[in-house]
Amino acid sequence: MTNSLKNYFLSKTFNSQLHDTIWDIDSFDSKNIHTKTNDIDKLDTIKYEVNEYGYRTSEETNNFFNENLIGCFGCSNTFGMAIEYKDTWPFLLNKFIGDEWCVKNYGVPGGSNDNISRLIYNFVSNKKPKIICCLFPDFFRMEFFDVNSDLKNFRKTENKEILKTYSFIQHEFYMAYKKISTEDNGIYNFIKNFKFIQNLCDNKNIKFYWSTWARNIYCLDKSFIERHLNINNYVDLSHLESNIDYGLDGIHFGPNTSKNIAKEFYDKITSQKP
């Protein structure tokens with residue numbers, strides 16, 4: 001077994017740097033920029049203060065021994081690309097739910113559902129949270145080992161500028177990934193990860209609340225969601241789609257949308273308090 005494979009499940013520390021994550025913030029197609037923002041030139045004003053593992057959360061404040069620990073997981077819309085830390089939805093969730101709770105942001109830019117499920121496994125193996133909140137990305141993102149046994153995150157794209165960030169691998173390898181990242185495989189992979197997280201949380205008596213910004217998940221047939229996923233703990237954000245604001249990059253969620261996401265999670269959590 002390679003060291004990478006051992007680290008996949010046997011990590012003694014909660015570490016997001018076991019794999020390479022694709023950061024595409026500097027290699028976007030200007031045609032995809034939303035017209036609602038003209039602040040692309042201000043991106044350098046955003047400061048990303050991260051801890052030793054690369055998370056945008058502080059280990060010094062509200063330590064892990066707080067009995068009311070909440071772990072928030074997701075991709076760049078959880079991490080808070082192109083917005084200040086105080087505008088991220090995990091930070092705002094802490095504001096809504098109160099100082100007696102300790103909310104940690106474990107969003108990973110470019111993260112996949114495989115990546116999220118692995119990080120949650122490591123997290124609940126080392127910490128004792130009461131609640132896990134997860135904002136899933138689309139199901140075409142996948143995490144897997146490349147020909148060098150290194151763990152990688154990929155997402156499907158035809159954007160030539162973003163594809164340049166994949167230059168560290170052979171073209172044939174990426175083409176093989178595109179072949180397996182079909183809709184059927186994507187749905188199967190998402191359900192597999194979802195059930196893995198749900199079972200982890202059930203076995204450890206952790207409340208698991210989930211949502212997604214991805215239309216290819218929240219637009220699934222309702223009966224399909226009820227049959228395969230936990231609809232009772234689903235935080236429906238689809239109604240926010242018509243009123244989204246964006247960060248300084250014009251791509252990721254802005255402060256108002258992050259606040260609305262935090263409020264929806266808060267409402268779901270507090271509605272189920274005994």
Task: Members of segment 223-271 that are in a helix (DSSP H, G or I) and of a type in the set (S, T, N, Q) - done: SER223, ASN232, ASN233, SER238, SER242, ASN243, ASN256, THR257, SER258, ASN260, THR270, SER271
Open item on the list: Return the pair list, or none, for Cβ contacts closer than 7 Å from residues in segment 95-116 that are surrounded by fewer than 24 Cβ atoms within 10 Å (Cβ to Cβ) to residues that are assigned to a helix (DSSP H, G or I) and of a type in the set (D, E, K, R), at least 6 apart or on different chains.
Closed with: PHE96/LYS263
Open item on the list: Checking the structure you have, find out if any residue of segment 203-226 is in contact with a Cys (Cβ under 8 Å, 6 or more places away or on another chain), on the phi < 0 side of the Ramachandran plot and of a type in the set (Ser, Thr, Tyr).
Closed with: yes
Open item on the list: For segment 187-206, check the following and say yes or no: at least one residue is touching a strand residue (DSSP E or B) at 6+ places or on another chain (Cβ under 8 Å), in contact (Cβ under 8 Å) with a residue 12 or more places away in the chain and either surrounded by fewer than 15 Cβ atoms within 10 Å (Cβ to Cβ) or outside any helix (DSSP H, G or I) (or both).
Closed with: yes
Open item on the list: Testing LEU220 on (1) assigned to a loop (DSSP other than H, G, I, E, B); (2) buried (at least 20 other Cβ atoms within 10 Å of the Cβ), one condition comes back false. Which one is that?
Closed with: (2)
Open item on the list: On the basis of being surrounded by fewer than 14 Cβ atoms within 10 Å (Cβ to Cβ) and not in a helix (DSSP H, G or I), does ASP184 make the cut?
Closed with: no
Task: Single residue of LYS12, LYS86, LYS47, LYS31 found to be among the charged types (D, E, K, R), modelled with pLDDT under 85, out of contact with any strand residue (DSSP E or B) (no Cβ under 9 Å at 6 or more places or on another chain) and not in a loop (DSSP other than H, G, I, E, B) - done: LYS31
Task: Filtered residues of segment 235-274 (kept if touching a Lys or Arg at 6+ places or on another chain (Cβ under 8 Å), of a type outside the set (S, T, N, Q) and either under 28 Å from LYS130 (Cβ atoms) or buried (at least 19 other Cβ atoms within 10 Å of the Cβ) (or both)) - done: VAL235, TYR246, LEU248, GLY250, ALA262, ILE269
Task: Hits in segment 216-235 (condition: in contact (Cβ under 8 Å) with a residue 24 or more places away in the chain and under 16 Å from the mean Cα position of the chain (by Cα)) - done: ASN216, ILE217, TYR234, VAL235
Task: Any chance SER167 is surrounded by 13 or more Cβ atoms within 10 Å (Cβ to Cβ), modelled with pLDDT under 85 and more than 16 Å from the chain's Cα centre (by Cα) - done: no
- [ ] Output the residue which, of all residues in segment 62-83 that are of a type in the set (S, T, N, Q) and either out of contact with any strand residue (DSSP E or B) (no Cβ under 8 Å at 6 or more places or on another chain) or closer than 18 Å to TYR246 by Cβ (or both), is modelled with the lowest pLDDT.
- [x] SER76
Task: Unmet requirement for ASN148, which otherwise passes all of (1) at pLDDT 90 or above; (2) over 21 Å from the mean Cα position of the chain (by Cα); (3) of a type outside the set (Phe, Trp, Tyr) - done: (1)
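The values are calculated or read from the model by the stated rules, or taken from the named source; none is laboratory data. Note that the coordinates shown come from a computational prediction; the quantities given were computed from them, not determined experimentally. All Cβ positions, even for glycine, are placed from backbone atoms using ideal geometry, and neighbour counts span all protein chains on display.
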